[in-house]
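Notes follow the structure.
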Amino acid sequence: MQVTQTSSEGLKREFKITIPATDLDAKLSERLESIKDRVRINGFRPGKVPTQHLRRIYGKQVMGEVLQEMIGESNRRIVEENDIKLAMQPNIKLPEDEAEIARVMEAKGDLVFDVALEVLPKIEIADLKGIKAEKPVADVTDTEINETLDRIAKQNRPFSPKEKKGAKAAEGDRLTVDFKGEIDGTPFEGGSGEDMTVEIGAGNFIPGFEEKLVGAKAGETRDVEISFPADYGRADLAGKPVKFTVTVKQIEAPGEMAIDDELAKAVGMESLDKLKDAVKEQHERELALVSRQRLKRELLDALDERHSFELPPTLVEQEFAVVWNQVERDLAQSGKTLADEGKTEDEAKAEYKKIAERRVRLGLVLAEIGEKNDIKVSEDEVTRAVVDRARQFPGREQQVWEFYRNNPDALAELRAPLFEEKVIDYIAGLAEVTEKKVTRDELIQKDDEADAA
């Protein structure tokens, strides 16, 4: 096998591989010899089939396997002999001339093909101990706990039918209704329902629907004419006027739910104190997650500022495609265009190209830090991640479990964020991180601003 480099431009490399016909013939004969004892051919005892006869029957099939193996071997030689790390799988360009291919398949001609690939750049990791970052932290207040308890009490309050004849629906009442929606006189998918529960003022339906049922009586049918919001999740409905014909079947008035041990027991807790503890812990977890995300963003910003190197073009193109597809989906769902955001397509693509470049650059830096410091994700950690994902699909846990255990690519998608978080932890342990006390509103607001930016 002869490997010759034919081009080197930036991170791109091209090689020409020549595998002599004699090597192909020897490999084919060796492989055919190895299957003699396994094949059954009429007229021949096991193991006594002549190699030439095997070649006539199985030659093309076995040669296909030989070619696949030798192409793989050529790729390994390129990597090992040139001491490179691949940015992606090599692009193999095989001969297209049918006569040439036929000679190769019969081991009567040399196999000559081209390999194009991109390599990972050499990355010099900056001094991680020189990174300074601020981690905002917020404490859970009694006010936040009490507000949550109020919401829990409201969600669990009892409702009882309004028995008074002619009673009208009011704010806070719960109605059982049937409705049918039409746009320009035509019913639409998802626009009708029976025995649906509507709590006036809860905001669970599109704006205006609940409010227009105030004053309705049990047994009454009324038309509710409103419009879908401009940013509604379905582009075919966004901003369109709709008429719902609503029949009110029952009206229930809310009762009071005291914040006490009985409320706690209603939601599966032993006592009010236990419920308060659970609410506090939940808030603490939420704030800790936001706090960590803020710190992570600062660390990633610091890494981005400290590292500059050539990026593999195809990796950037692939990442940009992912980013741009998401942008187009978001625009389609919102019914908006780039012009609505004051941008041309070229301006938007240039902006999102930079985002793709940042993602690739940071991904390579994190991978390099992880490799140099022997940071690994254990099989136990991956298993726990699979279990956690399976729990998100009650009743289908076994199906989800089997999917991940039998799908290496899906498993890799679970492993990647675990690896990233472990590397971030390592960086945070070396960096100079200071905590800053902030209020919950400040913490959440700053995080929202960062997301928007």
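Data overview
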| item | result |
| --- | --- |
| Of residues in the stretch 1-25 being of a type in the set (A, V, I, L, M, F, W, C) and not in a strand (DSSP E or B), the one farthest from the chain's Cα centre (by Cα) | Ala21 |
| Close pairs from the stretch 93-113: first among the acidic types (Asp, Glu), partner in a helix (DSSP H, G or I) and open to solvent by less than 50 Å² (accessible area, probe 1.4 Å), Cβ under 6 Å, at least 6 apart | Asp110/Ala21 |
| Glu96 vs. criteria assigned to a loop (DSSP other than H, G, I, E, B) and within 24 Å of Gln61 (Cα to Cα) | yes |
| Of residues in the stretch 316-352 being among the charged types (D, E, K, R), open to solvent by 80 Å² or more (accessible area, probe 1.4 Å) and in a helix (DSSP H, G or I), the one farthest from Gly239 (Cα to Cα) | Glu317 |
| Count - residues of the stretch 200-250 that are in contact with a Gly (Cβ under 7 Å, 6 or more places away or on another chain), within 19 Å of Gly166 (Cα to Cα) and open to solvent by 50 Å² or more (accessible area, probe 1.4 Å) | 1 |
| Qualifying residue in the stretch 286-298 (condition: in contact with a Pro (Cβ under 7 Å, 6 or more places away or on another chain), at negative phi and either polar (S, T, N, Q) or in contact (Cβ under 8 Å) with a residue 60 or more places away in the chain (or both)) | yes |
| Qualifying residue in the stretch 397-406 (condition: surrounded by fewer than 11 Cβ atoms within 10 Å (Cβ to Cβ) and either assigned to a helix (DSSP H, G or I) or modelled with pLDDT of 95 or more (or both)) | yes |
| Val198 vs. criteria touching an Asp or Glu at 6+ places or on another chain (Cβ under 8 Å), in contact (Cβ under 8 Å) with a residue 12 or more places away in the chain and of a type in the set (A, V, I, L, M, F, W, C) | yes |
| Selection status of Glu124, assigned to a helix (DSSP H, G or I), within 40 Å of the chain's Cα centre (by Cα) and modelled with pLDDT of 90 or more | no |
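The values are calculated or read from the model by the stated rules, or taken from the named source; none is laboratory data. The shown structure was predicted, so the numbers you read here are calculated from the model rather than taken from an experiment. Please note: Cβ atoms are built from the backbone with ideal geometry, for glycine as well, and neighbour counts cover all protein chains shown. These area figures cover heavy atoms from the full protein model, side chains too; ligands, DNA and RNA do not enter into them. Shrake-Rupley method; radii C 1.70, N 1.55, O 1.52, S 1.80 Å.
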